[in-house]
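Each remark here refers to the structure printed beneath this line.
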Amino acid sequence: MRLAVLADIHGNLPALHAVLAELERLQPDAVILDGDLINPIPFSGDVVDYVRQTDWVVVRGNHEFYLLDFGTERAIPGSEDPTRWGSLHFLVEHMTHEQAVYLAGLPDECTLYYPGTQPVRVAHGVPGRNRVGFYQEMPAAKIVPEIQNIPERTLISAHTHVQVDRHLSLLDVVDPFADPHDETSRYFDGFPGDRCAPTAHWHLINPGSVGLPLNGDPQAQFAL
């Protein structure tokens, strides 16, 4: 089973076209799009229109919420100011009702089940928090507390616009307050004094960004 994982297109239609050419060549079995299709630039509507016609698995990112929450009590504080948030106002004015309805109907996260594989959890950040992000060099002690309650052992995350491929375990997080003679108490779930057995492990994947990479390489990026 070969999965192509895309994220953070941010309305960059030429970058999406470049990735589509690669997908045509690679012929993956399925495509996952992990949020942030749009950005306050002219091609966001075109990106949404293309994605709507596919059979891809798509979840929402934080930029979808910037659009959908605009003008509501959940809006970004101060976003009603057209001087500071003019780009968001541009996006609101140029996205059609049908495009917004499509984005509103997307899930915030999902769990995928494919034959012969373990379940895969997909969220733009982590489940319930779409603005949490991870980096390849980030200490495990900062990552594990964010993902420890996820039962699936493979997590596809995005948001940071940099690629990540990490294997993590509770074994990576040592509790300095634990009894050194008690092997099971040496590991904790993110808070001193909370003990759990060191059995859980996760594969954390971030495909990078199609439309706005932030790792020094301007080419459109995705994962396979």
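A short reminder: the numbers here are calculations on the coordinates, not readings from a lab. Because the structure is predicted, anything quoted here is derived from the model rather than measured. Counting neighbours? That spans all protein chains shown, and the Cβs are built from the backbone with ideal geometry, glycine included.
Database remark: amide H of residue 5 closer than 5 angstrom to the amide H of 32, 223, 224 (H placed geometrically; neighbours at sequence offset of 5 or more, or on other chains; Pro and chain starts carry no H).
Can you give the FRET efficiency for residue 138 and residue 201, using 1/(1 + (r/R0)^6), R0 = 22 Å, r = Cβ-Cβ distance, to the nearest 0.05?
Numbers: r = 17 Å, r/R0 = 0.76.
My answer for the efficiency is 0.85.
Across the range 152-159, coupling constants 3J(HN,Hα) worked out from phi with the 6.51/-1.76/1.60 Karplus curve, θ = phi - 60°, read 5, 8, 10, 10, 9, 10, 9, 6 Hz, and Gly and Pro carry x. Counting neighbouring Cβ atoms within 10 Å and putting the fewest first, the residues 121, 60, 131, 52 line up as 131, 52, 121, 60.
Each pair of Cα atoms in the range 11-123 enters the Kirkwood radius, and Stokes-Einstein at 20 °C and 1.002 mPa s then converts it into a translational diffusion coefficient of 140 µm²/s.
In order along the range 202-211, phi translates into HN-Hα couplings of 9, 10, 9, 10, 10, x, x, 10, 5, x Hz, rounded to whole numbers, per the Karplus curve 6.51 cos²θ - 1.76 cosθ + 1.60 with θ = phi - 60° and x for Gly and Pro.
Building the convex hull from the alpha-carbon atoms of the chain and averaging its projection over directions returns 14.2 nm².
Ellipticity at 222 nm from helices only: DSSP H runs of n ≥ 4 in the chain, each -39500 (n - 2.57), divided by the residue count, give -7000 deg cm²/dmol.
I need 168, 26 ordered by Cβ neighbour count within 10 Å, fewest first. Could the numbers behind the result be given before it?
Details: 168 19, 26 11.
In order of increasing Cβ crowding within 10 Å: 26, 168.
Across the range 122-130, coupling constants 3J(HN,Hα) worked out from phi with the 6.51/-1.76/1.60 Karplus curve, θ = phi - 60°, read 10, 8, 5, x, 10, x, x, 9, 8 Hz, and Gly and Pro carry x. Looking at the chain alone, DSSP beta bridges between its own residues are antiparallel in about 55 percent of cases.
Close amide H pairs (under 5 Å, H built 1.01 Å from N) link residue 200 with 170, residues at least 5 positions away or on another chain.
Considering only chymotrypsin sites (Phe, Trp or Tyr not before Pro) in DSSP loops that have at most 16 other Cβ atoms within 10 Å, the longest stretch of the chain without any of them is 57-112.
Of 167, 124, 97, the residue with the greatest mean-square motion in the GNM of the chain, using alpha carbon springs below 10 Å, is 97. Counting neighbouring beta carbons within 10 Å and listing from fewest to most, the residues 156, 150, 205, 76 come out as 76, 150, 205, 156.
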